[in-house]
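Here is the structure we will look at.
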Amino acid sequence: MAAAVGPGLPPRRSLRGVLIASAGCFLALALAVGFMPSLPGDTAVREALLGLASPPVLAAMRLINRAGSWQLLLPGSLLLLLAFRRARERWYVWVGLMIAAPATEGILKIIIGRPRPEAASMGFPSGHATAAAAFFGAVFYLAESLRPPARRLVRVAALVIIVLVATARVMLRAHWPSDALGGIALGLTLASAAALLAAPARS
């Protein structure tokens, strides 16, 4: 029997696939940073990005960085409810996502205990990258209800913002690249789980 597909979310099978893939990526990264003092490629990628950090680029990165701020995205969750009928139908799932994501990220930082590249505070996973991936991952899923041209535009914009926020965290010297990747994986895991909870049950 095929899974029921509502007008506002992708098929449950697709959601499960993203959930399993992103959760697997996060687990692999968490184990790697937990047992290895330095991940292969982390330093090289970080230095390459820092080499691009001219004053105008850094100014743009500081602006982009705000798209991963919980102070902005938590109230921004209200915009999801205004913009998408499917979000309003199960508002508690999407608001819960934006509350659970920072709590989960904060707890995992303590458990994993990986320091930032230039500070003693814990850095894995990146909170900004987690926030951006959770929020804009939700936008990506909810955009299913839009007409094809608008849907593609919103989804591409959501993915670009997630990548740019993660890049900004590295270029602003706050995180290792693997911290940012871990944040993306965690945020997408939580967003996929929320989308599954909000998706129609099997008919």
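The values are calculated or read from the model by the stated rules, or taken from the named source; none is laboratory data. The model shown is predicted, which means the values in this text are computed figures rather than measured ones. Cβ: placed from backbone, ideal geometry, glycine included. Neighbour counts: every protein chain shown. These area figures cover heavy atoms from the full protein model, side chains too; ligands, DNA and RNA do not enter into them. Shrake-Rupley method; radii C 1.70, N 1.55, O 1.52, S 1.80 Å.
Looking at the structure I just gave you, is Leu78 part of a helix (DSSP H, G or I) and open to solvent by 40 Å² or more (accessible area, probe 1.4 Å)?
So Leu78 fits the description; yes.
Which condition does Leu190 not pass, out of (1) open to solvent by 50 Å² or more (accessible area, probe 1.4 Å); (2) at pLDDT 95 or above; (3) closer than 18 Å to Trp91 by Cβ, if it passes all the others?
So the condition that Leu190 fails would be (1).
May I ask you to list the residues in region 87-116 that are in contact with a helix residue (DSSP H, G or I) (Cβ under 6 Å, 6 or more places away or on another chain) and either outside any helix (DSSP H, G or I) or under 13 Å from Ala194 (Cβ atoms) (or both)?
Hits for region 87-116 are Ala87, Arg90, Trp91, Val93, Trp94, Val95, Leu97, Met98, Ala101, Arg114.
If I filter region 157-175 down to residues being in a loop (DSSP other than H, G, I, E, B) and open to solvent by less than 20 Å² (accessible area, probe 1.4 Å), which single residue comes out as nearest to Lys109 (Cα to Cα)?
The extreme case among them is His175.
Looking at region 53-74, which of the residues that are open to solvent by less than 70 Å² (accessible area, probe 1.4 Å) and free of Cβ contacts under 8 Å to residues at least 24 places away in the same chain is farthest from Gly137 (Cα to Cα)?
Residue satisfying both the conditions and the ranking: Ser54.
Could you please give the count of residues in region 97-112 that are open to solvent by 30 Å² or more (accessible area, probe 1.4 Å) and either free of Cβ contacts under 8 Å to residues at least 60 places away in the same chain or more than 27 Å from Ser38 (Cβ to Cβ) (or both)?
Residues flagged as open to solvent by 30 Å² or more (accessible area, probe 1.4 Å) and either free of Cβ contacts under 8 Å to residues at least 60 places away in the same chain or more than 27 Å from Ser38 (Cβ to Cβ) (or both) within region 97-112 amount to 7.
Please work out which residue is modelled with the lowest pLDDT, limiting yourself to region 29-42 and to residues that are open to solvent by less than 60 Å² (accessible area, probe 1.4 Å) and assigned to a helix (DSSP H, G or I).
Per the criteria, the residue is Gly34.
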